[in-house]
Amino acid sequence: SEYHIPLKLLTAYGVQPLETLRFEDKETRQPYLIKGLHMYGFFRKDGTLYKIYRPFNKNAKFLTVKPHIHGADQLTYEKPYLVICSSMKDMLALCALNFTNIEVIAPESESTTISAKNIAALKTKYKAICTLFDNDTAGMKAMNLYMETYNLGYAHIKFEKDLAECLKTHGLVSCRELVQPVIQKALTKSLKLGK
């Protein structure tokens, strides 16, 4: 793919193409059937569908079926660091860079903040946690919110719109070289800010 995200990584994180989608309107109980190309389901490890992604639908790219933190099912808690990305796409891009000492999650949407209860639980499992959100006003606002609220450093990728674009533009090796020191600096800041 243009984002250098291998199929095995998509499979590991429960991203699968969908041919059709059947659902019922909550209020009218009217059944609906959506067919078409370029429709993907995000599934939990138990097979539960929690989100639908339609990249070419301008009005509703994402349909949330059930709230879920992307990547939560894949956490092993065996690595010392956790990075919170802004989206599934950036989370998968970071995974594709194959850092051996970090795990990755993303909130269900860029405008959703992970709860204090969840952050507190994650802080007991990792040596340090940082955020890595988009290089725009909304991303900076979100990273500052996590820093002020939860004492988490942030990795600001200044040279592209987001991590996925960095990977697409610079390729695996160069992107990894560009991103690694930025993430390390953010994790070091988190350690200094304290748990």
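The values are calculated or read from the model by the stated rules, or taken from the named source; none is laboratory data. In this text the structure is predicted, and so the values were computed from the model without any measurement. Here the Cβ positions follow ideal geometry from the backbone for every residue, glycine too, while neighbour counts run over all protein chains shown. Accessible surface is based on the protein model in full, side chains and every heavy atom, while ligands, DNA and RNA are left aside. Shrake-Rupley method; radii C 1.70, N 1.55, O 1.52, S 1.80 Å.
Each semi-axis of the equivalent ellipsoid for the chain is √(5λ) with λ an eigenvalue of the Cα gyration tensor; in descending order they amount to 29, 19, 16 Å.
Centre-to-centre, using Cα atoms only, segment 103-128 and segment 141-194 are separated by 15 Å. For segment 122-184, dividing the convex hull volume of the Cα atoms by the residue count gives 86 Å³ per residue.
Compute the helix-to-body angle for 137-150: its Cα long axis versus the longest principal axis of the chain, expressed 0 to 90° and rounded to tens. It works out to around 60 degrees.
Over all other residues within a Cβ to Cβ distance under 13 Å of residue 79, the charged ones net out to 0, with Lys and Arg as +1 and Asp and Glu as -1.
Dipole size of segment 1-127 about its Cα centre, with +1 on Lys/Arg Cβ and -1 on Asp/Glu Cβ: approximately 140 debye, rounded to the nearest 20. Take each peptide in 15-22, 180-187, 27-34, count the other Cβ atoms within 10 Å of every residue, and average; sorted highest first, the result is 180-187, 15-22, 27-34. In angstrom, the C-alpha Rg and Dmax of segment 58-163 are 13.2, 40. Applying a DSSP loop filter and a limit of 11 other Cβ atoms within 10 Å to the GluC sites (Glu not before Pro) in segment 67-116 leaves 78. Within the accessible surface of the chain, defined with a 1.4 Å probe on protein heavy atoms only, the carbon and sulfur portion equals 53 percent. Surface calculation, 1.4 Å probe, protein heavy atoms: residue 159 sits at approximately 80 Å² accessible. Taking only the Cα atoms of segment 1-86, the ratio Rg/Rh comes out at 1.01, with Rh defined as the Kirkwood radius. Amide H contacts for residue 154 (H built 1.01 Å from N in the peptide plane; partners 5 or more residues away or on another chain; cut-off under 5 Å): 131. Paramagnetic label reach from residue 118 (point 7 Å along Cα→Cβ; backbone nitrogen cut-off under 14 Å): within segment 146-179, residues 146. For the chain, the longest principal axis of the Cα atoms and the long axis of helix 163-193 meet at an angle of about 50 degrees.
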